[in-house]
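*Asks:* Structure incoming, see below.
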Amino acid sequence: MLLFLARRIGVMLVTALCLTFVVFYLTNLPAKLETLAKTQAGARISDAEVASWLDRNGYNQPMLTRYGEWLGVVPGWTREAADGSVNGRCYRLTSVSEPGAAPTRCGLIQGYWGNSTRFRADVADVISSRLGATGILMLWVLIVMVPMALMVGVLAGMREGSRTDRSLSTFAIASTATPEYVSGVVFIALLASSTVGLSPLLVNWGVIDGPVLFQGNARSALEKITFWNFFLPVMTIALYGMGYVARITRASMTEVMTQQYIRTARLKGVSFRNIVLRHALRNALIAPFTVIMLQIPWLLNGVVIVEVLFSYPGFGWVLFEAAANNDIELLLAASVVAVVVVLITQLISDIGYVYLNPRIRIS
Amino acid sequence: MTHKKRKATELHPAAKLYAREHAEGKLSRREFMTRATALGVAVPAAYGLIGLTAPAVRADTPQMGGALRMQMDIKAQRDPRTWDWSELANVCRGWLEYLVSYERDGTVQPVLLESWEASDDAMTFTLNVRPGVKWNNGDDFTSADVAHNIERWCDASVEGNSMAGRMSAISEDGKLREGAIEIVDDLTLRLHLSSPDIAIIVNMTDYPAAVVHQSFTGDDPVANPIGTGPYLPVSHDTGIGAVIERNPDHTWWNEGNGAYLDRIEFVDLGTDPAAWMAAAEGGEIDLTYQTTGDFVDLFEMIGLPATEAITAATLAVRFNQDSPPYDNVNVRRALQMAVNNELVLELGYNDRGTVADNHHVCPIHPEYAPTGGTPFDPEQAKAMIDAEGLGDHEFELISIDDEWQAASCDTVAAQIRAAGININRTILPGATFWNDWLNYPFSSTEWNMRPLGVQVLNLAYRSGVAWNEAGFANAEFDALLDEANGIPDADERREVMAKIQQIMLDEGVLIQPYWRSLYRNARPNVLNAEMHPTFEVRYQHYGLA
């Protein structure tokens, strides 16, 4: 077990290293650095000013050296100004100005995530506060998605080929075949517009007071989550994942329902309701459990689209902003977080599978 | 500057001319109204000029109190003189004020200055500081503060300090020239210029010219909000939003003429107008920062009427006179004649602007002289081209791939083709277009607005200047422009301007089809929040009905 964990963590570290290097390379291409200088020091600055800005901010060293600085294996750059004051990567990150007071190395290993150029703040602060917002969104997504998916899957899989099965399967396939950027827009048009869709009808009938049924923008959810401002983003993500999980649950359920022990129970005279609840359900839920855990990284994907679409500033939104503004250290931190999320959910799914299915052993 | 203000009863001469054009059927009522009001004619007076009574006008004094939410990008703050986006300035307008301000009608009004005078040769400017202005930390606002700020603006060693270029007449070696500022007393100071520059005061209306306290050293005006205005920031989150509230412990010098709102909230909803629309429908914002394209109408549909600001931003479809056959004035004039500018505005820019007259001076410029434009006569155009022996020549019009610019050039080319002249269209991607924009024989360039008519002419049409993409070199034009640059009074300058504009027309320098308008949508109960031609959001004057 310990060996298994160690191996998993090792894989995680190697993956993170490779991914961050790719991100680092792509964000540090010369043209990208020039864009960065222009967004930081003024859009209309001259080429000479760009060069001087890059030089003053430590961007003119070889790429590998700077990747090492970010990791914390190479000493951070320092620069002595004409008046004797010293500046450098570690001076900025620890906000000290006395010469010699800052540590030599200040990278990820030492616990410094760097500074976000887009938000002018500590990357760790930006990531942690935005990750919190996404956490709440994901929590609600899972609360909506998991029971719905299991219910649809189990109901469909109980009697393979029945009318219930066919209609629920159609629904599940349709929902998982509709990407977030389509369903989100359709939802907004249908439920959150005062001129088209459902809202004008409801206003006409006097059912709702405001101009729209749901809010097509989740910004206010940052301060206070209500059913009306959080429903659309949650449903947009949940529907996409729901269809997939429901399909897996259905497949697993139909398989269990053909097992010998179900037939035995049936012949014994156990009621259909009891067969499903007592005998089939537990075994049918093993496969969906792993799929739900693996679905979480996929949902992070959808979170980027949905958070930007509904202007909800969470992790996906930060990723979008960082990419759009070539915010190097924020992008690197976001990729590390993504790797950690993927591998932790995989780990949970592997370990959980062992507990759910006694036939499997981790060796 | 004896900045002569017309009396309230006195009308802009151009407005009367427009009224005549309206009577002759050359101008629609709507266009007459936008043009006349852009000249500073009050709406009822403008209706009066064309013999109509104004529709019921709403009371314009907002009530005290209330909160407003506005969609606007919130960017990471930095030193005001290095600001490169108007949004950065707009957040701070509640506490950082300006010496002078650029108004929607094209005039420059005093703010922290009470008045200013220019010598007749535009070489010496006397600035009178407004008495009784206090910083919100209790300090008095004096001429020393003004001198300190001007010195900051002149410092070209700060990367991205765009004010340095605007203050070139009082700087030397990238900093304030010794003796350029003379502090006369606590409320008076004098600027001594090295060359005449009537734009120096106008340049102080630009958004990076926010006046900061002498103790300001850092680069974040939100973290240390010492200013003269009536508001203070409460929170400021890049990419998310900013909240500003009235400062209860400070007496604003302009008390009673603003600071109506208790609280202003800026909401950053990203760049997708569809998201702003969804937020407006959900009641999360009361007004937009700027609305473009079809969204102007869409917002109107959901109950947020649009306001329009006429600007001097434009598309210059210019000929390069260094490349044949455009060195021939008859060819240039013929191509101008083949194009009906109204049609370009309608098809290329959805009629969201004002028709222009091919001389790159806008009616909102204070020195604008109404000269009329080029006649539209495609038959004459074809005859002239044939007479030059270019009947079989294939012209080529180059443009960038930007949507409205390409559409406008398509309309220009289609009209030239309709006149029977061969023309080819080339569209270049943005990445390659700008590498050679000065040298294309016949192409279009987007120009942003400058408050004075002479400013763009100085930048783009004077012989040999860096941005002279038309290759225009005319000694008489240069001499007249020099003369105009030395006349501080707009009315006097207008007489010279009439000659300059006529030269532009006679020489057929460019096809300049329209002036672009800017739009903002706001709920009907939001007052004083009309769109501003240079994107200013002066929320200290906004209010609720």
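The values are calculated or read from the model by the stated rules, or taken from the named source; none is laboratory data. In this text the structure is predicted, and so the values were computed from the model without any measurement. As a convention, Cβ positions derive from the backbone with ideal geometry for all residues, glycine included, and neighbour counts pool all protein chains shown.
*Asks:* Considering only residues that are closer than 30 Å to B:Gly270 by Cβ and surrounded by 19 or more Cβ atoms within 10 Å (Cβ to Cβ), which ones fall in region A:280-299?
*Replies:* Those that are closer than 30 Å to B:Gly270 by Cβ and surrounded by 19 or more Cβ atoms within 10 Å (Cβ to Cβ): A:Gln295, A:Ile296, A:Leu299.
*Asks:* Here is a follow-up. Tell me, which strands (runs of 3 or more DSSP E) wholly within region B:147-254 include 1 or more residues that are touching an Asp or Glu at 6+ places or on another chain (Cβ under 8 Å) and under 30 Å from A:Pro313 (Cβ atoms)?
*Replies:* On the way: elements: B:181-185, B:188-192, B:231-237, B:241-246.
Of the strands (runs of 3 or more DSSP E) lying wholly inside region B:147-254, those with at least 1 residues that are touching an Asp or Glu at 6+ places or on another chain (Cβ under 8 Å) and under 30 Å from A:Pro313 (Cβ atoms) span B:231-237, B:241-246.
*Asks:* Being surrounded by 19 or more Cβ atoms within 10 Å (Cβ to Cβ) and closer than 25 Å to A:Ala121 by Cα narrows it down to one of B:Ala275, B:Ala242, B:Ala259, so name that one. Even if it seems obvious, please write down each step before you answer.
*Replies:* Values: B:Ala275 fails: closer than 25 Å to A:Ala121 by Cα; B:Ala259 fails: closer than 25 Å to A:Ala121 by Cα.
When all the criteria are applied, what remains is B:Ala242.
*Asks:* State all residues of region A:33-83 that are exposed (fewer than 14 other Cβ atoms within 10 Å of the Cβ), among the charged types (D, E, K, R) and away from chain B (no Cβ under 14 Å); if no residue qualifies, say none.
*Replies:* If the condition is that a residue be exposed (fewer than 14 other Cβ atoms within 10 Å of the Cβ), among the charged types (D, E, K, R) and away from chain B (no Cβ under 14 Å), then A:Glu80 is the only one that fits.
*Asks:* Could I ask something else about it? Please list, ordered by residue number, the helices (runs of 4 or more DSSP H) wholly in region A:30-82 having 3 or more residues that are closer than 21 Å to B:Lys75 by Cβ. Walk me through it before giving the result.
*Replies:* Numbers: elements: A:30-41, A:47-56, A:63-71.
Hits in region A:30-82: A:30-41, A:47-56.
*Asks:* Here's another thing I want to ask about it. Tell me which of these B:Ala414 doesn't satisfy, since it passes every other one: (1) over 15 Å from B:Ile511 (Cβ atoms); (2) assigned to a helix (DSSP H, G or I); (3) not polar (S, T, N, Q).
*Replies:* Result: B:Ala414 fails condition (1) only.
*Asks:* Cβ-Cβ below 7 Å, separation at least six or inter-chain, first residue in region A:308-335 and within 10 Å of another protein chain (Cβ to nearest Cβ), second surrounded by 24 or more Cβ atoms within 10 Å (Cβ to Cβ) and polar (S, T, N, Q): which pairs?
*Replies:* From residues that are within 10 Å of another protein chain (Cβ to nearest Cβ), the pairs are A:Phe310/A:Asn217; A:Ser311/A:Asn217.
*Asks:* What is the one condition in (1) more than 10 Å from every other protein chain (Cβ to nearest Cβ); (2) in contact (Cβ under 8 Å) with a residue 40 or more places away in the chain that A:Ala218 does not satisfy?
*Replies:* Against the list (1) more than 10 Å from every other protein chain (Cβ to nearest Cβ); (2) in contact (Cβ under 8 Å) with a residue 40 or more places away in the chain, A:Ala218 comes up short only on (1).
*Asks:* Restricting the search to region A:87-131, which residues are polar (S, T, N, Q) and within 14 Å of chain B (Cβ to nearest Cβ)? Full working, then the answer.
*Replies:* At the first step, the residues of region A:87-131 found to be polar (S, T, N, Q) are A:87, A:94-95, A:97, A:104, A:110, A:115-117, A:128-129.
Hits for region A:87-131 are A:Ser95, A:Ser97, A:Asn115, A:Ser116, A:Thr117, A:Ser129.
*Asks:* Let me ask you something else. Under the condition of being aliphatic (A, V, I, L, M) and away from chain A (no Cβ under 14 Å), which residue from region B:127-162 is surrounded by the fewest Cβ atoms within 10 Å (Cβ to Cβ)?
*Replies:* If we filter region B:127-162 for residues that are aliphatic (A, V, I, L, M), which is where we start, we get B:127, B:129, B:133, B:144, B:146-147, B:150, B:156, B:158.
The next check asks that each one be away from chain A (no Cβ under 14 Å); those that pass are B:127, B:129, B:133, B:144, B:146-147, B:150.
Working: B:Leu127: 27, B:Val129: 24, B:Val133: 21, B:Ala144: 14, B:Val146: 23, B:Ala147: 19, B:Ile150: 24.
Restricting to residues being aliphatic (A, V, I, L, M) and away from chain A (no Cβ under 14 Å), the top hit is B:Ala144.
*Asks:* Which one is surrounded by the most Cβ atoms within 10 Å (Cβ to Cβ), of the residues in region B:296-328 that are aliphatic (A, V, I, L, M) and part of a loop (DSSP other than H, G, I, E, B)?
*Replies:* Step one: list which residues in region B:296-328 are aliphatic (A, V, I, L, M), which gives B:296, B:298, B:301-302, B:304, B:306, B:309-310, B:312-313, B:315-317.
Imposing the further condition that a residue be part of a loop (DSSP other than H, G, I, E, B) reduces the set to B:302, B:304.
Values: B:Ile302: 15, B:Leu304: 23.
Ranking the candidates gives B:Leu304 first.
*Asks:* While we're on this one: Go through the residues of region A:10-24 one by one and say whether even a single one is in a helix (DSSP H, G or I), within 14 Å of chain B (Cβ to nearest Cβ) and within 25 Å of A:Ala338 (Cβ to Cβ). Walk me through how you get there before you give the answer.
*Replies:* Of region A:10-24, the ones in a helix (DSSP H, G or I) are A:10-24.
Imposing the further condition that a residue be within 14 Å of chain B (Cβ to nearest Cβ) reduces the set to none.
There is no residue in region A:10-24 that is in a helix (DSSP H, G or I), within 14 Å of chain B (Cβ to nearest Cβ) and within 25 Å of A:Ala338 (Cβ to Cβ).
*Asks:* On to the next question. Please enumerate the residues belonging to region A:221-239 that are aliphatic (A, V, I, L, M), away from every other protein chain (no Cβ under 11 Å) and over 16 Å from A:Val185 (Cα atoms).
*Replies:* Matches in region A:221-239: A:Ile225 only.
*Asks:* Quick one: which residue in A:Val212, A:Val203, A:Val234 is under 30 Å from B:Val267 (Cα atoms), touching a Pro at 6+ places or on another chain (Cβ under 8 Å) and either surrounded by 14 or more Cβ atoms within 10 Å (Cβ to Cβ) or in contact (Cβ under 8 Å) with a residue 12 or more places away in the chain (or both)? I'd like the intermediate steps shown before the answer.
*Replies:* Numbers: A:Val212 fails: touching a Pro at 6+ places or on another chain (Cβ under 8 Å); A:Val234 fails: touching a Pro at 6+ places or on another chain (Cβ under 8 Å).
Going through A:Val212, A:Val203, A:Val234 in turn, the sole match is A:Val203.
*Asks:* Select from region A:154-164 the residues that are crowded, with 18+ Cβ neighbours inside 10 Å and touching a residue at least 24 places away in the same chain (Cβ under 8 Å) and list them in ascending order.
*Replies:* Residues of region A:154-164 crowded, with 18+ Cβ neighbours inside 10 Å: A:154-158.
Correct list: A:Val154, A:Ala156, A:Gly157, A:Met158.
*Asks:* Can you tell me how many residues within region A:176-194 are among the polar types (S, T, N, Q), at pLDDT below 90 and either loosely packed, with under 15 Cβ neighbours inside 10 Å or in a helix (DSSP H, G or I) (or both)?
*Replies:* Summing the residues that are among the polar types (S, T, N, Q), at pLDDT below 90 and either loosely packed, with under 15 Cβ neighbours inside 10 Å or in a helix (DSSP H, G or I) (or both) in region A:176-194 gives 1.
*Asks:* Going by the structure shown, is A:Leu137 in contact with an Asp or Glu (Cβ under 8 Å, 6 or more places away or on another chain) and either buried (at least 20 other Cβ atoms within 10 Å of the Cβ) or in a helix (DSSP H, G or I) (or both)? Quick ask: steps written out before the conclusion?
*Replies:* Details: in contact with an Asp or Glu (Cβ under 8 Å, 6 or more places away or on another chain): yes; either buried (at least 20 other Cβ atoms within 10 Å of the Cβ) or in a helix (DSSP H, G or I) (or both): yes.
When the stated conditions are applied, A:Leu137 passes them.
*Asks:* Kindly indicate the residue of region B:163-187 that is in contact with a strand residue (DSSP E or B) (Cβ under 9 Å, 6 or more places away or on another chain), crowded, with 16+ Cβ neighbours inside 10 Å and more than 14 Å from every other protein chain (Cβ to nearest Cβ) and also nearest to A:Lys38 (Cα to Cα) among those meeting that condition.
*Replies:* Per the stated criteria, the residue is B:Met167.
*Asks:* Just the residues that are within 24 Å of B:Arg538 (Cα to Cα) and of a type in the set (D, E, K, R), please, taken from region B:284-328.
*Replies:* B:Glu284, B:Asp286, B:Glu300, B:Glu308
*Asks:* For A:Gln346, work out the one condition from (1) within 14 Å of another protein chain (Cβ to nearest Cβ); (2) touching a Lys or Arg at 6+ places or on another chain (Cβ under 8 Å) it doesn't fulfil.
*Replies:* All conditions are met except number (1).
*Asks:* Mind checking which residues of region A:221-230 are in contact (Cβ under 8 Å) with a residue 40 or more places away in the chain and crowded, with 21+ Cβ neighbours inside 10 Å? Reasoning before the result, please.
*Replies:* Within region A:221-230, the subset in contact (Cβ under 8 Å) with a residue 40 or more places away in the chain is A:221-222, A:225, A:230.
Result: A:Ala221, A:Phe230.
*Asks:* Quick one: would you say B:Ala309 is closer than 20 Å to B:Tyr514 by Cα, more than 14 Å from every other protein chain (Cβ to nearest Cβ), touching a Leu at 6+ places or on another chain (Cβ under 7 Å) and among the hydrophobic types (A, V, I, L, M, F, W, C)? Give the derivation first.
*Replies:* Working: closer than 20 Å to B:Tyr514 by Cα: yes; more than 14 Å from every other protein chain (Cβ to nearest Cβ): yes; touching a Leu at 6+ places or on another chain (Cβ under 7 Å): yes; among the hydrophobic types (A, V, I, L, M, F, W, C): yes.
So B:Ala309 fits the description; yes.
*Asks:* When the residues of region B:79-102 are filtered to those that are charged (D, E, K, R) and either in a helix (DSSP H, G or I) or in contact with a helix residue (DSSP H, G or I) (Cβ under 7 Å, 6 or more places away or on another chain) (or both), which remaining residue is farthest from B:Met167 (Cα to Cα)? Can you show your working first?
*Replies:* So the first thing to find is which residues in region B:79-102 are charged (D, E, K, R), and the list is B:79, B:81, B:84, B:87, B:93, B:97.
If we keep only those that are either in a helix (DSSP H, G or I) or in contact with a helix residue (DSSP H, G or I) (Cβ under 7 Å, 6 or more places away or on another chain) (or both) too, we end up with B:81, B:87.
Numbers: B:Arg81: 12, B:Glu87: 23 Å.
Within region B:79-102, the match that is farthest from B:Met167 (Cα to Cα) is B:Glu87.
*Asks:* Taking the residues in region A:88-102 that are of a type in the set (S, T, N, Q) and either in a helix (DSSP H, G or I) or out of contact with any Phe, Trp or Tyr (no Cβ under 9 Å at 6 or more places or on another chain) (or both) as candidates, determine which candidate is surrounded by the fewest Cβ atoms within 10 Å (Cβ to Cβ). Full working, then the answer.
*Replies:* Taking region A:88-102 and keeping what is of a type in the set (S, T, N, Q), we get A:94-95, A:97.
Now narrow it down to the ones that are either in a helix (DSSP H, G or I) or out of contact with any Phe, Trp or Tyr (no Cβ under 9 Å at 6 or more places or on another chain) (or both): A:94-95.
Details: A:Thr94: 14, A:Ser95: 8.
Per the stated criteria, the residue is A:Ser95.
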